[in-house]
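S.K.: I'd like to ask you about the structure that follows.
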Amino acid sequence: MNRLRRRILAGSVLAVFGAVAGALAPFSAHAQQAAPIKVGLTTDLTGIAAAYARSQVNGVEMAIEELNAAGGVLGRKLQLIVRDSQLKPDLGTSHTRDLITRENVDVLVGPDASSVGLAVSAVARQYKKVVMMTIPNTPRLTMELFHPYIFTLVPSGLMEARAMAEAIGPKFKKFAFIGGDYEASHQGLKYFKDRLGKVNPNAEWVNEAWPKLGEPDFTPYITRLLAAKPDVIFSYLWGADLIGFIKQAKPYGLFERTRLATLLFMDDLKALGQEMPDGIIGQMRAPFFAFTNGAMTSFVKKYRAKYNDVPADWAIMGYEGMQVLAQGIARAGSTDSNAIAAAIEGLNYQGLTGPITFRKVDHQADVASYIGVTAKGDYDFKILKDIDAIPAERTWPTEEEVTASRKSG
């Protein structure tokens, strides 16, 4: 909890905004005529993750509006150009290439899905353009497929699985699992099991359930999980699948008979509202309600006024990612990709969730995973309470692990 308190109390809105504005060149009549700094954003505005992508765009747009109101960067306005990759890697590739070669964007913000993120990253590498990932979190981006121009503000799937194992591993004996039958879910379980073996060598696995993505009927999986009598179920369900599972599991008394530990997104909390059971162990990336510092308070107020909604994790991380890019450009004094990458490597960003730096070996931000339990709060949806912040230093791969992955990759 000490780590969380330090991050919650760190900074103020004046410190965050002043750090950017102070580094930016004054805006003038000459600057008004200067060519804009173009930001390309390929993201998944169509498909099951559309709400996440929309929140991401909102956060990036809000950052750009604030930066432009303060005079832009290097005396130039910022211009956002958005493309819809529709959860399709081939579209991610073609849109990102078009943004670079035809629109002449200076920097990129990554998409929503990890599969599309890998495609966008490959194009960024080919054309040597800095790309900031704020949602996709496959470890492959920063491990075996790393390149000098990629940065990530999101904890990787490896980090999140290890964080959950750290949080719940020592507390329970019998474990079960449910997750969609796709690569990220299988990886998540592997990383969780690996860390669980270290924090609780006596842990027992009693059941694993692998529904297909978009499964409409979870009844067979729910009954098998309950028959195995686990102390806790580790879930890698998300979005509509998680919401459907929770709604269908309630009549079976699942939440009275065992505990559920799962990734949780703001969209899930809002969709279920007061139907969300109390006591679910939830893991989030940037829950706005966990922070009471001036920077986050001001951001939430502005976001609600602009979008008539509370900010999801995606909006917060999109905003942060754009602010980091702006500070990198300002610190570099140019839009040269190598200069920007070097500047971000040395950056100490004072953000909404506290100070953030990037590790040189993999350009992974030292961001925490926030784990708490669902309970009533001051909103029309349940929130997480008793939140613990599992710091990146406890969960990210060692430099030796990163190096070994690149040799094997």
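S.K.: Any residue at all in the stretch 121-133 that is polar (S, T, N, Q) and under 20 Å from residue 161 (Cα atoms)? Before the answer, list the steps.
M.R.: Going residue by residue through the stretch 121-133, those that are polar (S, T, N, Q) are 121, 126.
Subset that is under 20 Å from residue 161 (Cα atoms): none.
No, the stretch 121-133 has no match at all.
S.K.: Let me ask something else. How many residues are touching a residue at least 40 places away in the same chain (Cβ under 8 Å), outside any loop (DSSP other than H, G, I, E, B) and charged (D, E, K, R) when one looks only at the stretch 56-104?
M.R.: The qualifying residues number 4.
S.K.: Let me ask something additional. Test of understanding: among 177, 151, which residue is modelled with pLDDT of 95 or more, outside the structural domain of residue 322 (by TED's automatic domain parsing), out of contact with any Lys or Arg (no Cβ under 6 Å at 6 or more places or on another chain) and not in a loop (DSSP other than H, G, I, E, B)? I'd like the intermediate steps shown before the answer.
M.R.: Values: 151 fails: outside the structural domain of residue 322 (by TED's automatic domain parsing).
Residue meeting the stated conditions: 177.
S.K.: Restricting attention to the stretch 330-379, which residues are of a type in the set (D, E, K, R), at pLDDT 95 or above and either farther than 23 Å from residue 72 by Cα or out of contact with any Lys or Arg (no Cβ under 6 Å at 6 or more places or on another chain) (or both)? Write out each step before concluding.
M.R.: Of the residues in the stretch 330-379, the ones of a type in the set (D, E, K, R) are 331, 336, 345, 359-360, 362, 366, 376, 378.
Filter again for at pLDDT 95 or above, leaving 331, 336, 345, 359-360, 362, 366, 376.
Matches in the stretch 330-379: 331, 336, 359, 360, 362, 366, 376.
S.K.: Looking at the stretch 199-212, I want the residues that are in the same structural domain as residue 176 (by TED's automatic domain parsing) and have a partner that is part of a loop (DSSP other than H, G, I, E, B) and of a type in the set (Gly, Ala, Ser) with Cβ atoms under 9 Å, at least 6 apart or on another chain. Which pairs are those?
M.R.: Once the first residue is in the same structural domain as residue 176 (by TED's automatic domain parsing) and sits in the stretch 199-212, its partners that are part of a loop (DSSP other than H, G, I, E, B) and of a type in the set (Gly, Ala, Ser) give 206/228; 207/228; 210/180; 211/180; 212/180.
S.K.: For the stretch 353-365, state whether one or more residues are under 22 Å from residue 135 (Cβ atoms), among the polar types (S, T, N, Q) and buried (at least 24 other Cβ atoms within 10 Å of the Cβ).
M.R.: Yes, the stretch 353-365 contains at least one residue that is under 22 Å from residue 135 (Cβ atoms), among the polar types (S, T, N, Q) and buried (at least 24 other Cβ atoms within 10 Å of the Cβ).
S.K.: Here is a list: 339, 295. Which entry is more than 27 Å from residue 399 (Cα to Cα), surrounded by fewer than 24 Cβ atoms within 10 Å (Cβ to Cβ), outside the structural domain of residue 264 (by TED's automatic domain parsing) and not aromatic (Phe, Trp, Tyr)?
M.R.: Numbers: 339 fails: more than 27 Å from residue 399 (Cα to Cα).
So the residue among 339, 295 that is more than 27 Å from residue 399 (Cα to Cα), surrounded by fewer than 24 Cβ atoms within 10 Å (Cβ to Cβ), outside the structural domain of residue 264 (by TED's automatic domain parsing) and not aromatic (Phe, Trp, Tyr) is 295.
S.K.: For the list (1) more than 24 Å from residue 49 (Cα to Cα); (2) touching a Pro at 6+ places or on another chain (Cβ under 7 Å), I need the number of the one condition that residue 180 fails.
M.R.: Only one criterion is unmet by residue 180, namely (1).
S.K.: Could you please find all residues in the stretch 379-399 being over 19 Å from residue 285 (Cα atoms) and either surrounded by 18 or more Cβ atoms within 10 Å (Cβ to Cβ) or free of Cβ contacts under 8 Å to residues at least 60 places away in the same chain (or both)?
M.R.: Within the stretch 379-399, 398, 399 qualify.
S.K.: Spot the failing condition for residue 327; the list is (1) closer than 21 Å to residue 61 by Cβ; (2) surrounded by fewer than 19 Cβ atoms within 10 Å (Cβ to Cβ), and only one is missed.
M.R.: The failed condition is (2).
S.K.: Could you check the stretch 80-100 and list, in sequence order, the residues that are surrounded by 19 or more Cβ atoms within 10 Å (Cβ to Cβ) and among the small types (Gly, Ala, Ser)?
M.R.: Those that are surrounded by 19 or more Cβ atoms within 10 Å (Cβ to Cβ) and among the small types (Gly, Ala, Ser): 85, 92.
S.K.: Has the stretch 121-131 got at least one residue that is assigned to a strand (DSSP E or B) and more than 30 Å from residue 228 (Cβ to Cβ)?
M.R.: First, pick out the residues of the stretch 121-131 that are assigned to a strand (DSSP E or B): 131.
Remaining after also requiring more than 30 Å from residue 228 (Cβ to Cβ): 131.
Yes: the stretch 121-131 contains one or more residues that are assigned to a strand (DSSP E or B) and more than 30 Å from residue 228 (Cβ to Cβ).
S.K.: How many residues are surrounded by fewer than 16 Cβ atoms within 10 Å (Cβ to Cβ), in contact (Cβ under 8 Å) with a residue 40 or more places away in the chain and of a type in the set (A, V, I, L, M) when one looks only at the stretch 214-242? It would help to see each step written out before you state the result.
M.R.: Keep residues of the stretch 214-242 that are surrounded by fewer than 16 Cβ atoms within 10 Å (Cβ to Cβ), which gives 214, 216-217, 219-220, 223-224, 227, 229.
Checking which are in contact (Cβ under 8 Å) with a residue 40 or more places away in the chain leaves us with 214, 229.
Now narrow it down to the ones that are of a type in the set (A, V, I, L, M): none.
Residues flagged as surrounded by fewer than 16 Cβ atoms within 10 Å (Cβ to Cβ), in contact (Cβ under 8 Å) with a residue 40 or more places away in the chain and of a type in the set (A, V, I, L, M) within the stretch 214-242 amount to 0.
The values are calculated or read from the model by the stated rules, or taken from the named source; none is laboratory data. A quick note: this is a predicted structure, and the numbers were derived from the prediction, not measured. Positions of Cβ are generated from backbone atoms using ideal geometry, with glycine treated the same way; all protein chains shown enter the neighbour counts.
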